[in-house]
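Undergrad: The structure follows.
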Amino acid sequence: MTPAPVWAAVARKLASDIGWLLAALLAMAAVWHLAVTTFDLGAFGTKSVGDVWRYLLTEEDAGAHRAEIGSALRRTVEHAGLGFVAGMLVGTGLAVAFVLVPALERPLLPLLLLTQALPVLAVLPLFVLLFGRGLLVTLVITTLAVFFPAFVLTAQGLRAVPAGQRDWFASVAAGRLTTLVRLRLPSAVPNVCAAAKVAVPSAMFGAIVAEWLATGDGLGYLMITAATGSGGYTQLWASVAVTTVLTMAWYAAVGVAEGICLGHFAPHRLDSRTA
């Protein structure tokens, strides 16, 4: 495609992705409202969409409520953002290392699988002992939640290079590093973008679990204190709603970056997605 059709396809993809996310958000709100009203879930502490709306926007103390949740939200964004970046870097770096040095895969892959098989609750005391209860332990837990999908998807992209292109690079005596930079990495861009989208909810989950169990701050800690009664169930459900909206907005932002990257490195992928 010429540049103009490429960026037109990018714009169509972005508009489609954002539209579907907004539709999904509205559908979740509708299902939430119907579930609460139909099954009388309010008797069990479940708050409705209207309750959360009033708590955050229209009640007399709504400003104080927003300030409290906003303060916790800033900490969670910091934790999840750092873990997202670290996890993507670790996963991508491991994938590159395995492709450049295939002998690493056999001894190291079982260790990587082990990190995913260990329950967080079982190893958390060790993490707290080693890393404390501050930012570092949150970074470790969130990185562990993010890096493995990034590693798997990136490794698949690096290896899924057409044989004809690999043969051409071999015919001109290109080394492994040159082939990686000029051929494999550009070919893997769609997979890296997919890994980044998968990593968004993983980063949020890892950050909230770490806040809940270790650091005592952020939305994770606010949720647990609300659930135990000091903040109230409305605060709990408001925190859940804010977390959901934040995750979807972050996912949409990664989708914007994905569209730009595909427009530059893999415009044919845009054709298949917007057809």
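Undergrad: I'd like the residue in the range 151-181 that is more than 28 Å from the chain's Cα centre (by Cα) and of a type in the set (Lys, Arg) and, out of all such residues, is farthest from Gln116 (Cα to Cα).
TA: Arg166
Undergrad: Applying the selection to the range 19-48, what residues are without any contact (Cβ under 8 Å) to a residue 24 or more places away in the chain and among the aliphatic types (A, V, I, L, M)?
TA: Leu22, Ala23, Leu26, Ala27, Ala29, Ala30, Val31, Leu34, Ala35, Val36, Leu41, Ala43
Undergrad: Surrounded by 12 or more Cβ atoms within 10 Å (Cβ to Cβ) and among the polar types (S, T, N, Q): does that describe Thr115?
TA: Yes: the conditions hold for Thr115.
Undergrad: Looking at Val99, Val10, Val36, which one is surrounded by 14 or more Cβ atoms within 10 Å (Cβ to Cβ), modelled with pLDDT under 95 and more than 28 Å from the chain's Cα centre (by Cα)?
TA: On inspection, the qualifying residue turns out to be Val36.
Undergrad: Any residue in the range 221-232 that's closer than 18 Å to Val209 by Cα: show its pairings with residues that are among the aliphatic types (A, V, I, L, M) and at pLDDT 75 or above at Cβ separation under 8 Å, as long as the two are six or more apart or on different chains.
TA: Tyr221/Ala72; Leu222/Ile69; Leu222/Ala72; Met223/Ile208; Met223/Leu236; Met223/Val240; Ala226/Leu236; Ala227/Leu236
Undergrad: Checking the conditions here, which among Leu135, Leu126 is over 26 Å from Trp250 (Cα atoms) and either at pLDDT below 95 or in contact with a strand residue (DSSP E or B) (Cβ under 6 Å, 6 or more places away or on another chain) (or both)?
TA: Every option except Leu126 fails the conditions.
Undergrad: Another question, then. Among the listed residues Ala188, Ala163, identify the single one that is small (Gly, Ala, Ser) and more than 26 Å from Pro149 (Cβ to Cβ).
TA: Ala163
Undergrad: Restricted to the range 39-70, and to residues that are polar (S, T, N, Q) and surrounded by 13 or more Cβ atoms within 10 Å (Cβ to Cβ), which residue is nearest to Leu139 (Cα to Cα)?
TA: Restricting to residues being polar (S, T, N, Q) and surrounded by 13 or more Cβ atoms within 10 Å (Cβ to Cβ), the top hit is Thr46.
Undergrad: Then there's this: Out of curiosity, is Thr215 under 30 Å from Arg12 (Cβ atoms), of a type in the set (Val, Ile, Thr) and touching a Ser or Thr at 6+ places or on another chain (Cβ under 9 Å)?
TA: No.
Undergrad: Of the conditions (1) at pLDDT below 95; (2) within 25 Å of Ala253 (Cβ to Cβ); (3) in contact with a Leu (Cβ under 9 Å, 6 or more places away or on another chain); (4) not β-branched (Val, Ile, Thr), Ala207 fails just one. Which one is it?
TA: Only one criterion in (1) at pLDDT below 95; (2) within 25 Å of Ala253 (Cβ to Cβ); (3) in contact with a Leu (Cβ under 9 Å, 6 or more places away or on another chain); (4) not β-branched (Val, Ile, Thr) is unmet by Ala207, namely (1).
Undergrad: For the range 102-122, check the following and say yes or no: at least one residue is at pLDDT below 95, among the hydroxyl-bearing types (Ser, Thr, Tyr) and either farther than 21 Å from Thr228 by Cα or within 20 Å of the chain's Cα centre (by Cα) (or both).
TA: Yes; the residues of the range 102-122 include at least one that is at pLDDT below 95, among the hydroxyl-bearing types (Ser, Thr, Tyr) and either farther than 21 Å from Thr228 by Cα or within 20 Å of the chain's Cα centre (by Cα) (or both).
Undergrad: If you check Ala195 against the conditions, is it in a helix (DSSP H, G or I), within 14 Å of the chain's Cα centre (by Cα) and within 17 Å of Leu21 (Cα to Cα)?
TA: In short, no.
Undergrad: Going residue by residue through the range 240-252, is there one that turns out to be within 18 Å of the chain's Cα centre (by Cα), small (Gly, Ala, Ser) and under 30 Å from Leu118 (Cβ atoms)?
TA: Checked against the condition, which is being within 18 Å of the chain's Cα centre (by Cα), small (Gly, Ala, Ser) and under 30 Å from Leu118 (Cβ atoms), the range 240-252 yields no hits at all.
Undergrad: Give Ala160, Ala97, Ala155 a once-over and let me know the one that is touching a Phe, Trp or Tyr at 6+ places or on another chain (Cβ under 9 Å), closer than 21 Å to Val189 by Cα and not hydroxyl-bearing (Ser, Thr, Tyr).
TA: Ala155
The values are calculated or read from the model by the stated rules, or taken from the named source; none is laboratory data. All figures in this text were calculated on a predicted structure; none of them were measured in a lab. Positions of Cβ are generated from backbone atoms using ideal geometry, with glycine treated the same way; all protein chains shown enter the neighbour counts.
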